[in-house]
Amino acid sequence: MATKFQRIFNQLDDLNSERSKYLSRMFGIFSEKIVAIWANDDRAPYENLGRPTIRVPERTRGHTLDFTFKDRATGNIYAAEMKCEIEYQNFGYFVLEASHQVDRHKKPAFEAFMKLARWPAEQDVRVQGKEVKVDGAILVWGAISTGAKDAIIAERGFHNILSVEDICWDLVSWKNTEYIEMIERYRTWSNRLFDGLISPDSPT
């Protein structure tokens, strides 16, 4: 059964997925910021240290990922990559339900991320130009089937898998001011855009 978060994007009356495509693209503009805000909250289990770059010895350029998470309890550090594909292929990758969904990503940066999950000690990782010892990798996905999470972690070697869905509800339950202000700001901007398009002479 679809959750409240999933129903925001996927409704039965959207037969041609026109609304789903629009909402997915709009959400994609700021979904990464949501995770960053969450990690900046002291109540989150992880703190974001910035974007990590994995250096591959045989290549001159490294691969930059989305986040570096420091576990607030243990101090361990994890490189993190976010994949939040909502409407893509009729929502086929929105909810992580099986390990094979991860295999869709073939780009060198993601391959380096997957290698780091298995062999973190063998990777050269830098954050803001400074070398950092990482203890593993964390995958961030749109939503996760709770029954599949542990199996995928074990199979792929991740330290953890986080969902954007859970992160949003954490921020709501915490009444996180930065998150609420960001959503309200984007809502205001969008309303001004649409109001302006139908009333060009109205002040923006």
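The values are calculated or read from the model by the stated rules, or taken from the named source; none is laboratory data. Keep in mind that this is a model prediction, so the values were computed, not measured. Here Cβ is always computed from backbone atoms with ideal geometry, including for glycine, and neighbour counts include all displayed protein chains. Quick note on the areas: whole protein, heavy atoms, side chains included, nothing else; ligands and nucleic acids left out. Shrake-Rupley method; radii C 1.70, N 1.55, O 1.52, S 1.80 Å.
Below is a table of values for the structure above.
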{"item": "Residue under evaluation S99, criteria (1) touching a strand residue (DSSP E or B) at 6+ places or on another chain (Cβ under 6 Å); (2) open to solvent by less than 20 Å² (accessible area, probe 1.4 Å), criterion not met", "result": "(1)"}
{"item": "Any hit, segment 57-64, residues being in contact with a Cys (Cβ under 6 Å, 6 or more places away or on another chain) and open to solvent by less than 30 Å² (accessible area, probe 1.4 Å)", "result": "no"}
{"item": "Given (1) open to solvent by 100 Å² or more (accessible area, probe 1.4 Å); (2) in a helix (DSSP H, G or I), index of the condition L12 fails", "result": "(2)"}
{"item": "Filter pass, E85 being within 20 Å of C168 (Cβ to Cβ) and in contact with a strand residue (DSSP E or B) (Cβ under 7 Å, 6 or more places away or on another chain)", "result": "no"}
{"item": "Every residue from segment 30-52 that is in contact with a helix residue (DSSP H, G or I) (Cβ under 8 Å, 6 or more places away or on another chain) and open to solvent by 50 Å² or more (accessible area, probe 1.4 Å)", "result": "K33, N40, R43, E47"}
{"item": "Filtered residues of segment 108-127 (kept if within 16 Å of K70 (Cα to Cα), outside any strand (DSSP E or B) and under 20 Å from the mean Cα position of the chain (by Cα))", "result": "L116, A117"}
{"item": "Test set (1) surrounded by 19 or more Cβ atoms within 10 Å (Cβ to Cβ); (2) small (G, A, S); (3) more than 28 Å from S173 (Cβ to Cβ) - S17 fails condition number", "result": "(1)"}
{"item": "Candidate set from segment 77-92 (those that are of a type outside the set (A, V, I, L, M, F, W, C) and either touching a Cys at 6+ places or on another chain (Cβ under 9 Å) or assigned to a strand (DSSP E or B) (or both)); member that is surrounded by the most Cβ atoms within 10 Å (Cβ to Cβ)", "result": "Y78"}
{"item": "Some residue of segment 20-35 being farther than 27 Å from L171 by Cα and small (G, A, S)", "result": "no"}
{"item": "Qualifying residue in segment 173-192 (condition: of a type in the set (D, E), over 20 Å from I8 (Cβ atoms), open to solvent by 80 Å² or more (accessible area, probe 1.4 Å) and touching a residue at least 60 places away in the same chain (Cβ under 8 Å))", "result": "yes"}
{"item": "Cross-chain or 6+ apart pairs with Cβ under 6 Å, segment 61-77 first and touching a residue at least 24 places away in the same chain (Cβ under 8 Å), then of a type in the set (D, E)", "result": "L65/E81; D66/E81; K70/E47; R72/E47; N76/D135; I77/D135"}
